[in-house]
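Read the structure below first, then the notes.
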Amino acid sequence: MKWIDVPPVWLLACVALAWCQAQYFPFGLGFGEVWADLLAGLLVGGGLVLVLLAIVEMRRRNTTVMPHETPAHLVQTGIFKRSRNPIYLGDVMILAGLILYFDAVLCLPLIPVLTWILEKRFILGEEDRLRRAFRADWARYEAKVRRWL
């Protein structure tokens, strides 16, 4: 069951809820065609770029991308200079973009819900493992780089 408790599954569940709401319960609500689609494309594209940059950087440093495993190295280069959690930030951006694209107005609360889920189920545990494994390096990194942005 551990393979199912990964962030992409939670993201996919939120995206599925947003799609279902837009398809079956639109209630005549919408964001507007042009600007929402443009912003949706920017959010989804930006989120995918963040995720890919983070995965490439983690692979380059020969460490795991799996959230429940202890990493071999503390990655502080590349996109990790700007955000301690670029993959999770990318996931939230992708969800926000797809909610806009689907015109799923009633699913806007899924954005903070997914953020909360990612923080409670993954980020806090990951940061605790990093804190125990890399002590002084983690303390300096944590003080220098923000969790999200």
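Every number in this text was worked out from the coordinates using simple rules, so none of it is lab data. Since the structure is predicted, the reported quantities are computational estimates derived from the model, not experimental observations. Note that each Cβ is placed from the backbone with ideal geometry, even for glycine, and that neighbours are counted across all protein chains shown.
With Cβ to Cβ distances under 14 Å as the rule, what net charge do the other residues near A18 carry (K, R +1; D, E -1)?
Result for the local shell: -2.
Around I123, what is the net charge, scoring Lys/Arg as +1 and Asp/Glu as -1 over all other residues with Cβ under 9 Å from its Cβ? Summing Lys/Arg as +1 and Asp/Glu as -1 gives +1.
How about segment 86-149: which trypsin sites (Lys or Arg not before Pro) there lie in a loop by DSSP and see at most 11 other Cβ atoms within 10 Å?
Qualifying residues, ordered by number: R146.
For the chain, with a Gaussian network of springs between Cα atoms less than 10 Å apart, report the residue from P109, P86, P67 with the top mean-square fluctuation. Per the Cα network of the chain with a 10 Å cutoff, P109 tops the list. Give, as a single signed number, the net charge of other residues whose beta carbon lies under 10 Å from the beta carbon of D103, with Lys and Arg counted +1 and Asp and Glu -1. My count for the surroundings of D103 gives -2. Shown here for segment 1-82: GluC sites (Glu not before Pro) in loop regions (DSSP other than H, G, I, E, B) with at most 13 other Cβ atoms within 10 Å, namely E69.
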